[in-house]
Amino acid sequence: MPPDDSFASRPPAGLSRRQVMAWSTLVAAAAPLGLVGWGSPAAAGESPDETYQRVFLEALAADPDLRRHAVKGREFLYRPRQLLVAHPDVQRVVGRLRSYGHPVTEGVGFGGVARLLFATETDIPSVVTRLRDPQQWPGQPAPLVQPHHALLGFGNIMGNPGGPPRVAAALPAPDPARAGEGAGVTVGICDTGIWRLAGSRHPQWLAGSYLPESDDEDALYVGADVLALQGGHGTFVAGVVRQAAPGVRLDPEAALNATGVGDEEMLVAALGRLGPQVSVVNLSLGYFTQDDQPPLPLVNALAGLPGRAVVASAGNAATSRRAWPAALDRVLAVGAVSAGATGPVPAPYSSYGSWVDACAMGDRTSTYVRGRLQLPGQPMRYFDGFAAWTGTSFATGHVAGRLAALMTSAGLDAEAARAALVAGSRWHPDYGVLVA
């Protein structure tokens, strides 16, 4: 059986011919994960958006703890040498793996699943395919198994024509007349965390809206004041939520690193740290899975959050392929729209499909951080607390905030408000209800 493909072993789908030809050079020059100033120089004529995409791919290629299943249309990221198994299936899976010549040990599980560890590099997707084959299990059901998937913050980095945050002017002060919108509701934001100085540097928007805790802090920087690729993503989302519901409280939790990369274990842990007062959960992140199957740890983790409404990004891959956890039945999946000449139009980067429940504008200005984004070969971008950014991440934050506002205005609990919101007429069959 061949070993796992490393992310760097072949060019990702969707690159231009010029980018494919340069792939081997890019991988050889790849920066350590997140060190965006150390990437290979921009090619002639490369736009800042193209550079941002390319440097992100370099960062993934340089991560020794990521692998990429690269079959076109079925791509996903995963952790090497790990297999997740439903607890009732562990013993027969271990026995079968040993018969295949794979001695494994049981590691620490999470999210209601067991984790099996391989001693050597192994093609995990091929192992999963073989174990899921019903013909391998005559007279009994196939076991529930999957890779340990990695996930990403949906800040326009999923192979679509997206780009980095842009410098923007400060937001005007919140409207005092809207102070009651979302009052009494707490929104949990599982993301990159939040800027350590967010409350003091954004007193009108974020001060007093959350309880600062050291383990919620966004790492932000890769050196001095140089920003990681998605450093500040969580702070930006927090501001979007507060713009949609100025009275809401927040519970930020770190589920991604500052490059925007995490995994199922990190997300399950972040969900577990949410305070009991949280009634709406914002997940501006997501991932693809092997065979597009629902992810076992997230199914279990979200089942343990009764009474809460979970809102998640549909993704920025410009595809109808289901992204998780957005596509789970109990999750409100959010796509994005753009401003058109006569009104909103589907955003060209947004994922879409009948599984998408709602949509909102994806291009927004919000609270951000201080620092500089140093993309190789591109002009430096200096940020002083505010930015504009585009993606389903930010459409999701708006919908989460408006859901909280609906709870207060209509006197509804989270589940009833979610049902009321999606009960409206679908703006588009593949984008759900339009949330203004």
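Across the stretch 227-249, what is the total count of residues that are of a type outside the set (Lys, Arg) and in contact with a strand residue (DSSP E or B) (Cβ under 6 Å, 6 or more places away or on another chain)?
Summing the residues that are of a type outside the set (Lys, Arg) and in contact with a strand residue (DSSP E or B) (Cβ under 6 Å, 6 or more places away or on another chain) in the stretch 227-249 gives 14.
Could you list, in sequence order, the residues of the stretch 342-358 that are in a strand (DSSP E or B) and crowded, with 18+ Cβ neighbours inside 10 Å? Even if it seems obvious, please write down each step before you answer.
Here is the first cut: in the stretch 342-358, the ones in a strand (DSSP E or B) are 344-346, 358.
Pro344, Pro346, Ala358 - these are the residues of the stretch 342-358 that are in a strand (DSSP E or B) and crowded, with 18+ Cβ neighbours inside 10 Å.
In the stretch 338-370, how many residues are out of contact with any Asp or Glu (no Cβ under 7 Å at 6 or more places or on another chain) and within 30 Å of Gly307 (Cβ to Cβ)?
Qualifying residue count, the stretch 338-370: 12.
Looking only at the stretch 88-142, filter to residues that are in a loop (DSSP other than H, G, I, E, B) and of a type in the set (S, T, N, Q); which one of those is nearest to Tyr78 (Cα to Cα)?
Step one: of the stretch 88-142, the residues in a loop (DSSP other than H, G, I, E, B) are 100-103, 107-109, 111-112, 119-123, 133, 137-142.
Then drop every residue that is not of a type in the set (S, T, N, Q), which leaves 120, 122, 140.
On the way: Thr120: 15, Thr122: 12, Gln140: 28 Å.
Within the stretch 88-142, the match that is nearest to Tyr78 (Cα to Cα) is Thr122.
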inquiry  = Quick check on the stretch 68-88. Is at least one of its residues over 28 Å from Asp191 (Cβ atoms) and over 29 Å from the mean Cα position of the chain (by Cα)?
reply    = yes
ask   = So which pairs qualify, if the first residue must be in the stretch 192-211 and on the phi > 0 side of the Ramachandran plot, the second must be of a type in the set (Lys, Arg) and part of a helix (DSSP H, G or I), the Cβ gap must be under 8 Å, and the two must be at least 6 apart or on different chains?
value = none
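Among the residues of the stretch 322-341, write down those that are assigned to a loop (DSSP other than H, G, I, E, B), surrounded by 18 or more Cβ atoms within 10 Å (Cβ to Cβ) and not aliphatic (A, V, I, L, M). Give the steps one after another, and end with the answer.
Within the stretch 322-341, the first condition is being assigned to a loop (DSSP other than H, G, I, E, B), and the residues that meet it are 322-323, 325-330, 340-341.
If we keep only those that are surrounded by 18 or more Cβ atoms within 10 Å (Cβ to Cβ) as well, we get 322-323, 325-328.
Selection gives Arg322, Pro325.
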ask   = Considering only the stretch 175-191, how many residues are surrounded by fewer than 18 Cβ atoms within 10 Å (Cβ to Cβ), in a loop (DSSP other than H, G, I, E, B) and touching a Gly at 6+ places or on another chain (Cβ under 9 Å)?
value = 4
ask   = If a residue has to be touching a helix residue (DSSP H, G or I) at 6+ places or on another chain (Cβ under 9 Å), within 16 Å of Asn316 (Cα to Cα) and outside any helix (DSSP H, G or I) to count, how many in the stretch 382-407 make the cut?
value = 1
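Which residue is surrounded by the fewest Cβ atoms within 10 Å (Cβ to Cβ), if the candidates are limited to the stretch 192-225 and must be assigned to a helix (DSSP H, G or I) and small (Gly, Ala, Ser)? Give the derivation first.
Taking the stretch 192-225 first, the residues assigned to a helix (DSSP H, G or I) are 198-201, 214-216.
Now narrow it down to the ones that are small (Gly, Ala, Ser): 198-200, 214.
On the way: Ala198: 30, Gly199: 17, Ser200: 11, Ser214: 7.
So, considering only residues that are assigned to a helix (DSSP H, G or I) and small (Gly, Ala, Ser), the one surrounded by the fewest Cβ atoms within 10 Å (Cβ to Cβ) is Ser214.
Quick test for you: out of Asn316, Asn300, pick the one residue that is closer than 22 Å to Gly391 by Cα and touching a residue at least 24 places away in the same chain (Cβ under 8 Å). Step through it out loud before you land on a result.
Numbers: Asn300 fails: closer than 22 Å to Gly391 by Cα.
That would be Asn316, the only listed residue that is closer than 22 Å to Gly391 by Cα and touching a residue at least 24 places away in the same chain (Cβ under 8 Å).
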message = Can you find, within the stretch 272-301, the residue that is surrounded by the fewest Cβ atoms within 10 Å (Cβ to Cβ) among those that are of a type in the set (A, V, I, L, M, F, W, C) and out of contact with any strand residue (DSSP E or B) (no Cβ under 6 Å at 6 or more places or on another chain)?
response = Val299
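Where a number appears in this text, it was derived from the coordinates with a stated rule and is not lab data. Just so it is clear, the model here is predicted, and its values are computed rather than measured. All Cβ positions, even for glycine, are placed from backbone atoms using ideal geometry, and neighbour counts span all protein chains on display.
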